[in-house]
Amino acid sequence: MATVSAPLVSSPKPSSSSSSSSSSYHASISFSKFTTKTNSFRPKRTITRTRSLTWLNPQQPRAALVEATPPPPPPPTSAAPPPRPPQPSVKVLALPADRADDLQAEARAMARASNATLYTPELIASRYKSRPFKVVGRTFQILSALGTFALKLFIDQRNGTLDQNKRIRAIELRTIFTRLGPTFVKLGQGLSTRPDLCPPEYLEELSELQDGLPTFPDVDAFACIEEELGLSLESIYSTISPSPIAAASLGQVYKARLKYSGKLVAVKVQRPGIEEAIGLDFYLIRGLGFLINKYVDVITTNVVALIDEFARRVFQELNYVQEGQNARRFKKLYADKQDIFVPDVFWDYTSAKVLTMEWVDGVKLNEQEAIEKQGLKVLDLVNAGIQCSLRQLLEYGYFHADPHPGNLLATPEGKLAFLDFGMMSETPEEARFAIIGHVVHLVNRDYEAMARDYYALDFLSSDVDVSPIVPALRDFFDDALNYTVSELNFKTLVDGLGNVLYQYPFNGKIIYAFQVSMSYHLTTNVKHERFNHLFGNFHFQSWRSDIVVDLYENQLFVPVFLQV
């Protein structure tokens, strides 16, 4: 899409003083994750050091760390007491001005997002329980659309044309999800990265939901920017694209140039009325979850709990200030590697519904031909993605939970750029150690220990007897681990594991752990000592190219699990 940039009328740079108080200032900074790098690849323990933060001048605030000087040693008893040192004895360590300004800008952005909604089941119930006509109308809309699609699949199966009509039905499903709105678009995006659930035709069509969605009027988007930031467009941008560059499930993105710095930025603006639409859908889906829990004995997972967790994450995505903070944290943890790029956030132009970040030029990671035309190697980018994914899952435990191809770009410099930090997740330290142990047990075919790992990984509740699970794991993995590369089919493996899981009350997290475990085994083919060597040196040269490409093509190298 060609971008037409229209110059705007010039005006002074927006002042930050209007959002700051001139009275006394006080804040605190928590410094965490101060770790010493070693050759041991293991989750890092957190050491938290908290110091007080005060402004040097309330009129022109700048942050400073105030650290007390330790008292001098006591004098010898025989000597005359020395004169007392001048008071007060403090030394002032001033923070850089740009860092202080950034902290103040982030605080102002947080103040603008103070009214952002946090999901709770009680809140959703209170909103829609007294609106039966709206609930019934939306229910009819969903059931009629999905019911018609299900009827077509049934007819195709009866007529023996199910395979022949796959492409047609995939297009219809994408259209239905788009018409039903953001909640179902998010569902379609999740399915588009699950080759274990969907045929290739469906994966290809649903992948268009990642960034090829209908847009909303530009006038509404520009009005939202001005209302959220309290500034006119002319005072913020020297140019801004008259139409969106991309549209996603929750918002659409414009390309602009900031007036005060001349930097190119991506401006994401939230869709109007999206909170109302998503809230209603989750109210209905949650009601369906109660029915499944009560009447469907085959499904042993607490469906309502999974729906609540997914809804909580989606509502967090609606707060763009939270997304900016997620991006900053992700950048701090993982962008220290030369092959990873994370765009920066511009807090002065960010609110709950408007997010301004550094512009990134790049090609989607699944567009192999376009990547190679730039002189880049897909395998290098995939290796970078695997390394970063392992660090996210096992080193810090903070990972990008929505890395579909639309959120991963190959930059012209050969870096892997991460975008869209609305949906993030964390793995506790205990679970990280348990995952590493689980992989070791799988490699060594210690199925009794594997079964016990499911307690630590929270895949099974502590009152479930794992002894019947051991023979099922042995029967499945003894065959699966003997596959050669040419015989390997990830969809077959996942389907086979699913047959095992459905017999026992596992929760959904185990699918992702299985993918990681199988990936490690097939790419290293090691025993315990070699496994420690692999992680101790964080060395991936032993990864075989054909396996890595297979992981890439099946989109199984990213640490994501959609719990619905």
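I'd like the residue in segment 199-249 that is part of a helix (DSSP H, G or I) and hydroxyl-bearing (Ser, Thr, Tyr) and, out of all such residues, is surrounded by the fewest Cβ atoms within 10 Å (Cβ to Cβ). Before the answer, list the steps.
Here is the first cut: in segment 199-249, the residues part of a helix (DSSP H, G or I) are 200-210, 218-229, 233-236.
Retained after the next criterion (residues that are hydroxyl-bearing (Ser, Thr, Tyr)): 202, 207, 235.
Values: 202: 22, 207: 22, 235: 17.
The selected residue is 235.
Need pairs with beta-carbon distance below 9 Å; first residue basic (Lys, Arg) and surrounded by 19 or more Cβ atoms within 10 Å (Cβ to Cβ) and within segment 110-124, second assigned to a helix (DSSP H, G or I) and modelled with pLDDT of 90 or more; sequence gap 6+ or separate chains.
112/228; 112/229; 112/321
Among what's in segment 156-178 and is assigned to a helix (DSSP H, G or I) and among the hydrophobic types (A, V, I, L, M, F, W, C), pick the residue that is surrounded by the most Cβ atoms within 10 Å (Cβ to Cβ).
177
Just give me the residues in segment 345-368 being open to solvent by less than 40 Å² (accessible area, probe 1.4 Å), polar (S, T, N, Q), assigned to a loop (DSSP other than H, G, I, E, B) and touching a Ser or Thr at 6+ places or on another chain (Cβ under 8 Å), in sequence order.
The answer is 350, and nothing else.
Please indicate, with yes or no, whether at least one residue in segment 323-342 is surrounded by 15 or more Cβ atoms within 10 Å (Cβ to Cβ) and closer than 21 Å to residue 180 by Cβ.
Taking every residue of segment 323-342 in turn, none turns out to be surrounded by 15 or more Cβ atoms within 10 Å (Cβ to Cβ) and closer than 21 Å to residue 180 by Cβ.
Among the residues of segment 178-200, is there at least one that is among the charged types (D, E, K, R) and within 15 Å of residue 247 (Cα to Cα)?
Yes; the residues of segment 178-200 include at least one that is among the charged types (D, E, K, R) and within 15 Å of residue 247 (Cα to Cα).
Of the residues 305, 311, only one is touching a Pro at 6+ places or on another chain (Cβ under 9 Å), of a type in the set (A, V, I, L, M) and at pLDDT below 90; which? Explain how you work it out, then say what you get.
Details: 305 fails: touching a Pro at 6+ places or on another chain (Cβ under 9 Å).
From the options 305, 311, the qualifying one is 311.
Checking residue 436 against (1) in a helix (DSSP H, G or I); (2) in contact (Cβ under 8 Å) with a residue 24 or more places away in the chain; (3) open to solvent by less than 10 Å² (accessible area, probe 1.4 Å), only one condition comes out false. Which one?
Of (1) in a helix (DSSP H, G or I); (2) in contact (Cβ under 8 Å) with a residue 24 or more places away in the chain; (3) open to solvent by less than 10 Å² (accessible area, probe 1.4 Å), only one is false for residue 436: (3).
Quick one: would you say residue 402 is assigned to a loop (DSSP other than H, G, I, E, B) and touching a residue at least 60 places away in the same chain (Cβ under 8 Å)?
yes
Mind telling me which of the residues 281, 297 ends up being of a type in the set (Asp, Glu), at pLDDT below 90 and out of contact with any strand residue (DSSP E or B) (no Cβ under 6 Å at 6 or more places or on another chain)?
297
Would it be correct to say that residue 448 is in the same structural domain as residue 467 (by the TED database) and surrounded by fewer than 22 Cβ atoms within 10 Å (Cβ to Cβ)?
yes
Please give the number of the condition residue 375 fails out of (1) among the small types (Gly, Ala, Ser); (2) open to solvent by less than 20 Å² (accessible area, probe 1.4 Å); (3) in a loop (DSSP other than H, G, I, E, B).
(2)
Could you please find all residues in segment 141-171 being closer than 27 Å to residue 317 by Cα and out of contact with any helix residue (DSSP H, G or I) (no Cβ under 6 Å at 6 or more places or on another chain)?
Hits for segment 141-171 are 141, 142, 143, 146.
Please go through segment 405-421 and pick out each residue that is touching a Leu at 6+ places or on another chain (Cβ under 7 Å) and in a loop (DSSP other than H, G, I, E, B).
Once the filter is applied, which keeps residues that are touching a Leu at 6+ places or on another chain (Cβ under 7 Å) and in a loop (DSSP other than H, G, I, E, B), segment 405-421 yields 414, 419.
Does residue 134 count as among the basic types (Lys, Arg), assigned to a helix (DSSP H, G or I), assigned by the TED database to the domain that holds residue 307 and modelled with pLDDT under 90?
Here the answer is no, as residue 134 does not meet what is asked.
If you scan segment 445-467, which residues turn out to be at positive phi and at pLDDT 85 or above?
Within segment 445-467, just 445 meets the criteria.
The values are calculated or read from the model by the stated rules, or taken from the named source; none is laboratory data. As the structure is a computational prediction, the values presented were derived from the model and not from experiment. Heads up, the Cβs are rebuilt from the backbone with ideal geometry, glycines too, and the neighbour counts pull from every protein chain shown. Side chains are part of the model used for accessible areas, which takes the heavy atoms of the whole protein and leaves out ligands, DNA and RNA. Shrake-Rupley method; radii C 1.70, N 1.55, O 1.52, S 1.80 Å.
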